[in-house]
Amino acid sequence: MTDILQELKGIVGDRVSASPGERCCYASDASQVVGLPDFVVRPKSTSQVSRLLRLCSEHLIPATARGAGTGLAGGCSPVRGGIVLDMSGMNRILEIDYENQQVIVEPGVVAEKLNFALKPYGFFFPPDPGSMAMCTIGGMLSYNSSGMRSVKYGTVRNYVLDLEVVLADGRVIHTGKKVLKSSAGYDLTRLFVGSEGTLGIITSAGLKIAPLPRTRKIVLACFEEAEIAGQAVIRIFSNGITPSACEILDRTTLQVLKLCDPLLAIPEDGDVILFEVDGTESSTSEAARQISEICQPTAKSVRIAVGAEMDSIWSARRLVGAAISRLDPTKTRIYMGEDVGVPIKEIPALIKKVQQIAVKLDIPAMKYGHIGDGNLHVALFIDVMNKEQWEKLRLAADRIHRAAMDLGGTVSSEHGIGLARAGYLPEQMGMEAFSVMQSIKKALDPKGILNPGKMGL
Amino acid sequence: MNLDLKAINQCVRCGSCRTFCPVFEESGWESANTRGRIMILKGLTCGLQPDLQVLGSLNTCTTCGICTENCPAGVNPPEIIENARRQLVSLGKMTCQQADLSRNIFASGNTFGDGRDRLSWLTDRGLLTKKADYVYFAGCMNSYRYTETAANTFALLNRFGATMLPAEQCCGSPLLRTGFDARRFIDENCRQIANTGAKTVITGCAGCYTTLKKSYPQDFRVLSVPEFLAERISEMDIKPLDLTVTYHDPCHLGRHNQIYEQPRQVIRAICRLKEMKTSGKAARCCGGGGGVRAGYKDLSLKMAKKRLEDVPGEVDYIVTSCPLCIRNLRDAGAGEKVIDLVDLVAMAMQ
């Protein structure tokens, strides 16, 4: 171990730690997956990452990449020990080439900071996870994350043009070119996006950016129950309207939002759908009017919010996932079964099933999420000192995952598999498809040093 | 260790604090971030040993409270961390700097270990009445380092009938922030305050303020100098100054006690105010609090330098209401441009 530490120091200088306290800090993300690393390193360049992986390959040391550690599936928890590569120090925006509608960034760039930098040019990077104030682009790439606006803008995968990747043996490759489209060869870019650091470590990314919409408006429609709300959403899509965001917030979520910001003018009861439309002043006015009209017959109330009020609603919405403890300080939100997705039409059925699971197990569940793309976030919260509640939580999460798969859906829409959901992957994909994944893993990481144990690999 | 597991478990490790923690911004290591500190505390309950690195993680928190302000889960990390520091100190686990600081205070009654008279700056001791409605509590920093500010403050407050304690002791803040017991000093100051008959204690130090208000028995009202001045500004002979200043919110006045508007009210009565890039609840810490300046001076000054980047252009002074902030911002390069609110008021009264 001392020899390895010396070698690591030779590569990254004092940006390495083997102290028990530091290792403890890098043992997990926001999930319940824990694994203590032997070393933490904070590389500053591609060449350092390359040398680190060569060292790992030579000594068969597990190497786990980590961004801001905001993940919810244990993707960056080093469950087999080894080295954690904290990539958040590689945080430069290397190029803003708005004329070619793209940027080149290092993986440690925080998503929100990228958007601050792009704003003066009139552009933005559309994927917007709730954690965008702290999560890194590298983490977003590794989990193919998305967010509230994916209903219109899609996921991270839709925005990646080129990746610089360090392979398990230290070789450095580029997966694409600085072009908006290419039909040359296998789509390696898309392969690495969402691979959770199991195939290589991303050291820079060429990303497509989009022009900032001139204006945005929100329609808040409140319904008696989720099923009616879901039907309204389906009617809106079938009328050819594509909102830029379409979020469902249940009664509990509304209570928590109020606690986050008591001044928020949101309904206090019912199931609310937040429709956001973006574009020009006239196109958003027209879309907001149409959405209001479609919702009106079945909604308890409908109103439009703009400007500062809209910003406050979005700010509170982004934090709601972690804010559940404000409702009941004796309970903590545990991220399990929190990211299922189903075809949009099945959302009402999924909500109903989740409710039944929660009632049967007597475990409180807050439901919110991106109803526009079928992604439901379920927040289960328990007294973490109570063993019985932990058992119920695990059972509830398992049943929620299975309910989503039964409805033709996925155990994760945007948070990834990590270790937390690894057990479901062969079942969801089918063994044949999963064995293709295993073959790819073997081809790119024959020694199995890259984030071992994740995604069932 | 008997740590408050309920409070620790409230943290969902979402990492929101990475965006705000000024120490993490300088260090980049997770152990220098609030989330990391909480994970370390959890580790301590499961066998992690409190070695120097662990103490460094816990002791570099400036207790600025910006994480509390922005924590979606409603966690109050400074409270959890101060509690942990207390427990560790009670087990004899502390750094040399912590030990030196407490030794100084216990030996001399002030943070500097200074043996000189605390009231050496006071030219006319006859102004100290035995009984009074108000007590001006100067604090260690103004008593020994910024004596002109102490003199200006007392001159102002004395007009309204304030006296001072004959043998004021350190309020106990540095001890409490770094994990030590401050009862001896609290009891002694309380005894002297009771002897004056005063029902209100006024202090110009944000650290003293938060300590007097939250750690002392509630036998008297505690006011900060900005609060007092805001109440009495119309009774003072203020002449407007052709100056533009900015205001730095001390964490222990602002986020810890919600005193945001009063100092601004006083400034606006005197001159133009231009806000810093981050202010009010979002104000960046100067890096001096929580024992960080005493224990980790370089880190502390780096944070102060970062704070100075928030200063808007073309201001004549950076005004604040905490001598700890003044020292750190001055030492980080701003020099005499940083002044106390009272010094601005004194200029307007000349």
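The values are calculated or read from the model by the stated rules, or taken from the named source; none is laboratory data. Only a predicted model underlies this, so the values are computations on that prediction, with no experimental measurement involved. No Cβ is skipped: glycine too gets one built from the backbone with ideal geometry, and neighbour counts run over all protein chains shown. Areas reflect the complete protein model, heavy atoms only, side chains present, ligands, DNA and RNA absent. Shrake-Rupley method; radii C 1.70, N 1.55, O 1.52, S 1.80 Å.
Scanning the stretch A:103-123 for residues that are in contact (Cβ under 8 Å) with a residue 24 or more places away in the chain and more than 21 Å from A:G67 (Cβ to Cβ) yields a count of 4.
Pairing residues of the stretch B:3-25 that are of a type in the set (F, W, Y) with residues that are open to solvent by 30 Å² or more (accessible area, probe 1.4 Å) and part of a loop (DSSP other than H, G, I, E, B), at Cβ distances under 8 Å and at least 6 apart in sequence or on separate chains, gives no pairs at all. All but one of (1) touching a residue at least 24 places away in the same chain (Cβ under 8 Å); (2) surrounded by fewer than 24 Cβ atoms within 10 Å (Cβ to Cβ); (3) in contact with a Cys (Cβ under 8 Å, 6 or more places away or on another chain) hold for B:R35, so report the exception by its number. Going through the list (1) touching a residue at least 24 places away in the same chain (Cβ under 8 Å); (2) surrounded by fewer than 24 Cβ atoms within 10 Å (Cβ to Cβ); (3) in contact with a Cys (Cβ under 8 Å, 6 or more places away or on another chain), B:R35 breaks only (2). Cβ-Cβ distances below 9 Å connect the following pairs, each with a first residue in the stretch B:77-101 that is on the phi < 0 side of the Ramachandran plot, a second residue that is buried (at least 20 other Cβ atoms within 10 Å of the Cβ) and among the aromatic types (F, W, Y), and a separation of six or more residues or different chains: B:R85/B:F180; B:R86/B:F180; B:V89/B:F180; B:M94/B:F180; B:Q97/B:Y296; B:Q98/B:F180; B:L101/B:F180. A count restricted to the stretch B:280-313 and to residues that are open to solvent by 40 Å² or more (accessible area, probe 1.4 Å) and out of contact with any Lys or Arg (no Cβ under 8 Å at 6 or more places or on another chain) stands at 8. Counting only strands (runs of 3 or more DSSP E) that fall entirely inside the stretch A:213-318 and contain at least 2 residues that are over 15 Å from A:G369 (Cα atoms), the qualifying elements are A:215-223, A:271-279, A:301-305.
Residue pairs whose Cβ atoms lie under 9 Å apart, separated by 6 or more positions or on different chains, with the first residue in the stretch B:38-67 and farther than 22 Å from B:A206 by Cβ and at pLDDT 95 or above and the second open to solvent by less than 10 Å² (accessible area, probe 1.4 Å) and aromatic (F, W, Y), are B:M39/A:Y26.
Here is the figure for the stretch B:32-62: residues that are in contact with a Gly (Cβ under 7 Å, 6 or more places away or on another chain), at the interface with another protein chain (Cβ under 9 Å from one of its Cβ atoms) and among the hydrophobic types (A, V, I, L, M, F, W, C) total 3. In the set (1) in the same structural domain as A:G10 (by TED's automatic domain parsing); (2) under 30 Å from A:R317 (Cβ atoms); (3) free of Cβ contacts under 8 Å to residues at least 40 places away in the same chain, A:Q48 fails one condition alone, (2). Taken together, A:G130, A:G194 contain a single residue that is outside any helix (DSSP H, G or I), within 14 Å of chain B (Cβ to nearest Cβ) and surrounded by fewer than 24 Cβ atoms within 10 Å (Cβ to Cβ), which is A:G130. Does B:D124 satisfy the criteria of being within 21 Å of the chain's Cα centre (by Cα), open to solvent by 20 Å² or more (accessible area, probe 1.4 Å) and of a type in the set (D, E)? No.
For (1) outside the structural domain of B:G65 (by TED's automatic domain parsing); (2) surrounded by 24 or more Cβ atoms within 10 Å (Cβ to Cβ); (3) in contact (Cβ under 8 Å) with a residue 24 or more places away in the chain; (4) farther than 30 Å from B:Q97 by Cα, each residue gets a yes or a no:
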{"site": "B:T147", "(1), (2), (3), (4)": "yes, no, yes, no"}
{"site": "B:L156", "(1), (2), (3), (4)": "yes, no, yes, yes"}
{"site": "B:L165", "(1), (2), (3), (4)": "yes, no, yes, no"}
{"site": "B:C170", "(1), (2), (3), (4)": "yes, yes, yes, no"}
{"site": "B:T211", "(1), (2), (3), (4)": "yes, yes, yes, no"}
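In this structure, A:S50 qualifies as surrounded by fewer than 21 Cβ atoms within 10 Å (Cβ to Cβ), at pLDDT 95 or above and among the small types (G, A, S). The condition of being in contact with a helix residue (DSSP H, G or I) (Cβ under 6 Å, 6 or more places away or on another chain) and either modelled with pLDDT under 95 or away from chain B (no Cβ under 14 Å) (or both) holds for only one of A:S150, A:S146, A:S142, that being A:S150. Can you give me the number of residues within the stretch B:242-259 that are surrounded by fewer than 18 Cβ atoms within 10 Å (Cβ to Cβ) and part of a loop (DSSP other than H, G, I, E, B)? Matching residues across the stretch B:242-259 total 3. When the stretch A:309-335 is filtered for residues that are open to solvent by 10 Å² or more (accessible area, probe 1.4 Å) and more than 12 Å from chain B (Cβ to nearest Cβ), the ones remaining, listed by number, are A:E309, A:M310, A:D311, A:S312, A:W314.
Among the residues of the stretch A:9-45, which ones are open to solvent by 10 Å² or more (accessible area, probe 1.4 Å), small (G, A, S) and outside any loop (DSSP other than H, G, I, E, B)? Within the stretch A:9-45, A:G10, A:S17 meet the criteria. Filtering A:M148, A:M140 for residues that are within 28 Å of A:I371 (Cα to Cα), assigned to a loop (DSSP other than H, G, I, E, B), open to solvent by less than 30 Å² (accessible area, probe 1.4 Å) and in contact (Cβ under 8 Å) with a residue 12 or more places away in the chain leaves a single hit, A:M148. For the residues A:D398, A:D373, A:D383, the requirement of being open to solvent by 30 Å² or more (accessible area, probe 1.4 Å), among the acidic types (D, E), at pLDDT 95 or above and not assigned by TED's automatic domain parsing to the domain that holds A:I137 singles out A:D398. If you go through the stretch B:334-348 and keep only what is of a type outside the set (A, V, I, L, M, F, W, C) and in a helix (DSSP H, G or I), you end up with B:G335, B:E336, B:K337, B:D343.
Conditions (1) β-branched (V, I, T); (2) at pLDDT 95 or above; (3) farther than 30 Å from B:G313 by Cα, marked per residue:
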| site | (1), (2), (3) |
| --- | --- |
| B:C171 | no, yes, yes |
| B:G197 | no, yes, yes |
| B:V222 | yes, yes, yes |
| B:I238 | yes, no, no |
| B:L241 | no, yes, no |
| B:V245 | yes, yes, no |
| B:G254 | no, yes, no |
| B:M276 | no, yes, no |
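Of B:T129, B:T210, all but one fail to be among the β-branched types (V, I, T) and part of a helix (DSSP H, G or I); the exception is B:T210. One residue stands out among those in the stretch B:4-31 that are touching a Ser or Thr at 6+ places or on another chain (Cβ under 6 Å) and more than 7 Å from chain A (Cβ to nearest Cβ): the one that is farthest from A:D14 (Cα to Cα), which is B:C17.
Checking A:L8, A:L94, A:L85 one by one, the residue that is more than 14 Å from chain B (Cβ to nearest Cβ) and in contact with a Leu (Cβ under 8 Å, 6 or more places away or on another chain) is A:L8 and no other. Assess whether A:S31 counts as being touching a Gly at 6+ places or on another chain (Cβ under 6 Å) and more than 9 Å from chain B (Cβ to nearest Cβ). So A:S31 does not fit the description; no. May I ask you to say which residue of A:E281, A:E286, A:E309 is of a type in the set (D, E) and without any contact (Cβ under 8 Å) to a residue 12 or more places away in the chain? Criteria check complete, one pass: A:E286. Taking every residue in the stretch B:109-132 that is under 15 Å from B:N152 (Cα atoms) and pairing it with any residue that is open to solvent by 70 Å² or more (accessible area, probe 1.4 Å) and outside any loop (DSSP other than H, G, I, E, B), at least 6 positions away or on another chain, the pairs with Cβ-Cβ distances below 9 Å are B:L119/B:R125; B:W121/B:E148.
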